[in-house]
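Notes follow the structure.
The values are calculated or read from the model by the stated rules, or taken from the named source; none is laboratory data. Remember, it's a predicted structure, so these values are computed and weren't measured experimentally. Neighbour counts are summed over all protein chains in view; Cβ atoms, including those assigned to glycine, are modelled from backbone coordinates with ideal geometry. Just the protein is used for accessible areas: all its heavy atoms, side chains included, with ligands, DNA and RNA removed. Shrake-Rupley method; radii C 1.70, N 1.55, O 1.52, S 1.80 Å.
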Amino acid sequence: MMKKFIIIFFIFLLSTTVYAKNDSTLTIAYPVNAGPLNPHLYNPNQMYAQTMVYDSLVRYNPDDMEPALAEKWSISDDGLTYTFKLRNAAFSDGSVVTAEAVVMNFNAVMQNKARHSWISLVSMIESFSAKDEKTFILKLSKPYNLTLKELSVARPFRILAPNGFLDDKNTSKGIKAPIGSGPWKLKETRLGEYDIFERNEYYWGQKPKYKYVKVLVLPDANSRIIALETGKIDMLIGEGSFTIENFVRLSKNKNIAAYKSEPRVTNMIAINTAKNNTKDVNVRKAVMMAVNKDNIIKYILLNQEIKAEQIFNPMLEYCNAGIIPYEYNINKANEILENAGWKKKGLYREKDGIILSIDMHYIGIDPKQKAIAEILQADLMNVGIKLNLSAEESTIFYSLQSNGSFDMIFNKTWGPPFEPGTFAGSMRKPSHADYQAQSGLKEKEYIDNMIDKLIVSDNTTFIAEKYEEILNIFHNEAVYLPISYELDLALVRKDRVKNFQFGNMVTEFMLHTLEPYND
């Protein structure tokens, strides 16, 4: 293990010789390469890099949507027609951004409509066209109040230059080159070593101060932290880039600034209402009462996250559902199980000769999930529930989520601008853990029908009432064990970088606004 670490770090040191220690280059590290940077596809394309290279028509802002590639827009009175006026912008190859180019991108997205069905907008699009060189018209089959938000996200509605398309214009098969109109362009990539982004001199907005961003590929978390502490890289940001323990430790380092965002996403456990012993609502409620979340927040999350009691943060619009949290109460949990016929025999409970066991899956390389899972295992043993932990490779983990082969599994929401609307919409898709977890509820069809209606409604009273109803069903049926509201964290070298800020979305790293400290 130590040998592997030394080799990785040695490779890292060699790879920093060209662009590091240079005020023209911002150097960061990430666990994997940016990928082929297809704006219309998913993994291995990394979202932070897609937002660096490609523009969206509009930019998400929690207070009001902002112009991006579209300088302005209007919406017809019936909510069906969106007219976007494009700004005078160019792609990084110097070609002009036109409405025809936007049409080409929407064609490519709609050719692969089934792949993008998680985002409800694709099912609402009736037609699109270029009225003239700078006017793009989008027509919907029904009013959809999340349209602008869903156009702003990292994928799939980002705009690729016509010269970046393959001859058949079908991006589901790949792209010729990652040419966008964002602040950066991909200059060079070496698999397993680094990606280098260069400032896009054609960018329509304020150009980045740095000429280059070098993203070192350092899969090992310890290597990333050592690189930051020794000044070989300038900052770390992004999910899984460092542990909470290292964040707390380095926040005391005089050379490093530690930043925390407002709460972004909800960490939770999805409990399958259609499988095995978790079909029993009494078992699910006992789980809710047997887990000591305060201990998780204090000892695992080191008080850097906020205890959660419902799937969506109640601070979000429509999400203050008046939920009364389940209390941590071992005696009450035992009483519920006892009354439901689960009798203690030795360490664990049984009913009709079946041991009260639950299978729980987590991503094996995620230390936070592993630590939380082990606390849950100990807590549930206290009430006679045998929790079988299963560490999974990430691909297998996500396939278990999508096919419903789990009793309990880690899950999280997607942060702004997806919550609550887009995330709720995805609950209707069988490929999502939420659909699978809810599938045993007698109210499942009703829930899906209500989501169908509320995401296209402009009646705020109706929307608020339905969210309150749905969130209370989830809570009363104990479908989710919410753990924490997670914050974005960043570690930045004070002596190298200034003007740090978080993006409005989790995947928006705002590297184009950073400045060398000596500027």
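Here are the numbers for this structure:
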quantity: Sparse-neighbour loop sites [chymotrypsin sites (Phe, Trp or Tyr not before Pro); region 42-77; at most 16 other C-beta within 10 Å; DSSP]; calculated: Tyr42
quantity: Label-reachable residues, region 499-519, where backbone N falls under 19 Å from a point 7 Å from Asp23's Cα toward its Cβ; calculated: 499-500, 512-519
quantity: Enclosed volume per residue, in Å³, of the convex hull spanned by Cα atoms of the chain; calculated: 150
quantity: Sites Thr460 and Ser261, calculated FRET efficiency, Cβ-Cβ separation with R0 22 Å, nearest 0.05; calculated: 0.25
quantity: Full-extension gain in nm, Ser141 to Lys344, via 0.36 nm per residue minus C-alpha separation; calculated: 67.4 nm
quantity: Estimated vicinal HN-Hα couplings, Hz - region 99-109 in sequence order (Karplus 6.51, -1.76, 1.60; Gly, Pro = x); calculated: 5, 5, 5, 5, 4, 4, 5, 5, 4, 5, 5
quantity: Distance in nm between pseudo-label sites at Lys252 and Met381 (7 Å out along the Cβ direction from Cα); calculated: 3.1
quantity: Residues whose placed amide H lies under 5 Å from that of Arg264, excluding near-sequence neighbours; calculated: Glu486, Leu487, Asp488
quantity: Computed E for Lys494/Ala391 - FRET, C-beta separation, R0 41 angstrom, nearest 0.05; calculated: 0.65
quantity: Percent accessible area from carbon and sulfur atoms, the chain, protein chains only, probe 1.4 Å; calculated: 50
quantity: Under the Karplus curve 6.51 cos²θ - 1.76 cosθ + 1.60, θ = phi - 60°, whole-Hz ³J(HN,Hα) for region 50-64, x wherever Gly or Pro sits; calculated: 4, 6, 6, 8, 10, 8, 9, 5, 9, 10, 5, 9, x, 8, 6
quantity: Neighbour cut-off at most 12 other Cβ (10 Å), DSSP loop, trypsin sites (Lys or Arg not before Pro), region 344-450; calculated: Lys442
quantity: Partners for Lys72 among lysines (Cα-Cα distance below 16 Å; same-chain residues under 8 apart left out); calculated: Lys85, Lys131, Lys134, Lys149
quantity: Helix-only [θ]222 nm of the chain, DSSP H runs n ≥ 4, -39500 (n - 2.57) each, per residue, nearest 500; calculated: -8000 deg cm²/dmol
quantity: Selection of GluC sites (Glu not before Pro), region 304-379, meeting DSSP coil and at most 10 other Cβ within 10 Å; calculated: Glu327
quantity: Cα gyration tensor category, rounded, prolate or oblate, for region 312-426 with a/c compared to 1.5; calculated: oblate
quantity: Highest to lowest packing among 464-471, 149-156, scored as the average C-beta count within 10 Å; calculated: 149-156, 464-471
quantity: Distribution of pairwise C-alpha distances over region 444-519, 5 Å bins, in %; calculated: 3, 11, 14, 12, 10, 12, 9, 9, 8, 8, 4, 1
quantity: Degrees, to the nearest 10: 367-381 long Cα axis against longest axis of the chain; calculated: 10
quantity: Centroid-to-centroid separation of region 337-374 and region 32-87 [C-alpha atoms, Å]; calculated: 44
quantity: Contact order normalised by residue count of region 218-329, Cα under 8 Å, 6+ apart, percent; calculated: 19
quantity: Acute angle (nearest 10 degrees) that the helix 394-403 long axis makes with the longest principal axis of the chain, alpha-carbon atoms; calculated: 70
quantity: Rounded to whole Hz, the Karplus (6.51, -1.76, 1.60) HN-Hα couplings of region 490-507, x for glycine and proline; calculated: 9, 10, 10, 5, 5, 7, 10, 9, 9, 6, 6, 8, 7, x, 6, 10, 4, 8
quantity: Qualifying aspartates and glutamates (Cα of each under 13 Å from Cα of Lys412; at least 8 residues distant if same chain); calculated: Glu239, Asp434, Glu486
quantity: Long-range amide H partners of Ala154 with built H, under 5 Å; calculated: none
quantity: Theoretical FRET efficiency, 1/(1+(r/R0)^6), r = Cβ-Cβ of Asp78 and Asn107, R0 22 Å, to 0.05; calculated: 0.35
quantity: Three-way shape label, region 69-122, alpha-carbon gyration tensor, a/c 1.5; calculated: oblate
quantity: For region 257-318 and region 146-222, distance of Cα centres in Å; calculated: 34
quantity: Amide proton proximity set for Ala29, modelled H, under 5 Å, gap of 5+; calculated: Leu216, Met235, Ile237
quantity: Sequence-separation-based contact order of region 109-227, relative, with Cα cut under 8 Å and 6+ spacing, percent; calculated: 14
quantity: Most to least accessible of Ser24, Ser241 (protein chains only, probe 1.4 Å); calculated: Ser24, Ser241
quantity: Extended-chain gain in nm, criterion 0.36 nm per residue less alpha-carbon gap, Glu245 and Lys85; calculated: 52.8 nm
